[in-house]
Amino acid sequence: MDPYGMALKWRPSRFLGLLSSTTCRVVGLQDGQWRLSNSRCSGHGRPSDDPGIARKAITGEQTRNAFGNTGLHEAAIVENFDVARVLVDFSRKSGDAYKNQIEAKNGLGETPVYRAAALGKTKVLQILTEQVGDLRHHFYGNDDKTVLHMAVLGQHFDTAIWLLKHDSSLANKRTSKGPDGLTCLQLLALMPSAFKTGELVELFVKKDCTNKAVHNYKKDKNWAFRLTLLFAASNGITEILKEIIHQHPQAILLDNLNEKEQNILHVSVKRRQYKVFELIMKDMRLSVPKWASRIDKKGYTLLHHVADMKHYKEGTRPGPVLQFQEELQLFESVKEIMPRHYAMHRDENNKMTARDLFNITHEDQLGKAQEWIKENSQACSVLAILIATVVFTAAFTIPGGNNDKGFPHFLKSPLFYVFTVMDVASLALSLSSVVMFLSILTSPRESSDFLRELPRKLLVGFTLLFFSVLTSMITFSASLLLIIRMEKKWTAALYAAAIFPVIVLALMEFPYCADFLVSGKVYYLEFMNKLPWKKKKKKKKK
């Protein structure tokens, strides 16, 4: 087997033996295949007695593939750290060739160290950096991105943490020269889907030189630190915001603006980053009045950004009704923190108030919500009526029939009481749900109705319907168990058959019910706070 095969099949001992034999001096990579150089080295496929060919092979002149990668590059790519260690040790014995092997760059200007870090090969990276005197030679490829930038872009966060601990100056490097270049922290703030680790953020916030600008903000109007806050708020990365608040609490007192004169509150609202909005309202409350009073270059207040759907992506809740309710709730939440006279403010382009703009931009969403609630209310009403019909009929079809005196045969059986109670409960629940859905169908279904009234009715209707299905199936099971009560082997099957429709209904409606229950909790708290004894307690506290 050739050395390349040994390297890929993890046979470092045989690989080293082949390298140290008297007939084999050096190994290189040429056109994707390993070549051996000895006293009769092959040059372009022909035997040669020139000893200089062996030296050229180890120095990199004859050991590159079509991409300019050396053997050490390839060992880093496949994460074969045993072979990488062998190559480094062998190169060291070759005198001047050692430096060329470690610092050799491929067609993209990447050294083996850079390549290993870019691919997240931390073990190989550690082996190579042990042999490197000055890591700064390996910071950059042909572009201006550092090895740390490449590790972050590749989402190799363990490698990024190791690099940052090894050389903290990497945190201050930018993707390009000039004001448009991004630090790794700012780059991480643009990657919400890949964001996982808190340790990396803590290190970046601590090491990033742009954070020092907090103390010199008034002197530096091009303060780069604001980009990190704006990027994190725009992409919903609360971990970065929390870490900045923890290490630099004075940052929240500054009015960090982008080129459109929008602060992090504007950005989080227009991008519908609800978690960021909640974080701001909780941990940055002191700056909220100042941020909420800011009007951007387009004449947009914070409410105008709620009304604008340019960056809207269907919200966080399922279904048109809940999505529209979420928009209404955000509008009301933002309205509470803004100066009251801003409600009549008109933007520069459309000359509209925020409410007028909201009604126009959400017209299509309102139509979808109206259609959805109408169709679902009709369908649920039909189902509830069918259940009511079945359980009403079951009330007059007593399991086992009556005796000579007109009393049910199973009158003294506990299952008969279960059957009777569940039948009545199912009938009451199903008819109540019909009433609730009919109330929805006869409601005006205007925009303001979707904030509380209609979702509340829908929650009650779904809940009543679900329990009517559950109680009807319990009624069905009880009646069958009364008839075949002696056949215990059928009991488990009957229970499974009875619970199956309930499970199907629960799974199909769970996404909606879960969100409706969250809304229901708000309604419950509002109701409890309006009770007389609750008001008395509040007065006593005052």
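The values are calculated or read from the model by the stated rules, or taken from the named source; none is laboratory data. Bear in mind that the values here come from a model prediction, so they are computed numbers and not experimental data. No Cβ is skipped: glycine too gets one built from the backbone with ideal geometry, and neighbour counts run over all protein chains shown.
So here's what we get for this one:
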| quantity | calculated |
| --- | --- |
| Leading residue by the ranking (modelled with the lowest pLDDT) among those in region 369-407 that are assigned to a loop (DSSP other than H, G, I, E, B) and crowded, with 16+ Cβ neighbours inside 10 Å | P399 |
| Matching residues in region 268-286 - criterion: being among the aliphatic types (A, V, I, L, M) and touching a His at 6+ places or on another chain (Cβ under 7 Å) | V269 |
| The listed residue being more than 18 Å from N172 (Cβ to Cβ) and modelled with pLDDT under 65, out of G120, G133 | G133 |
| Test result for L322, in contact (Cβ under 8 Å) with a residue 24 or more places away in the chain and more than 21 Å from S268 (Cα to Cα) | no |
| Helices (runs of 4 or more DSSP H) enclosed by region 231-318 - at least 3 residues per element that are basic (K, R), farther than 20 Å from L182 by Cβ and modelled with pLDDT of 85 or more | none |
| Boolean, E261 is without any contact (Cβ under 8 Å) to a residue 12 or more places away in the chain and surrounded by fewer than 17 Cβ atoms within 10 Å (Cβ to Cβ) | no |
| Given (1) under 23 Å from L254 (Cβ atoms); (2) in contact (Cβ under 8 Å) with a residue 60 or more places away in the chain; (3) of a type outside the set (D, E), number of the condition Q329 does not satisfy | (1) |
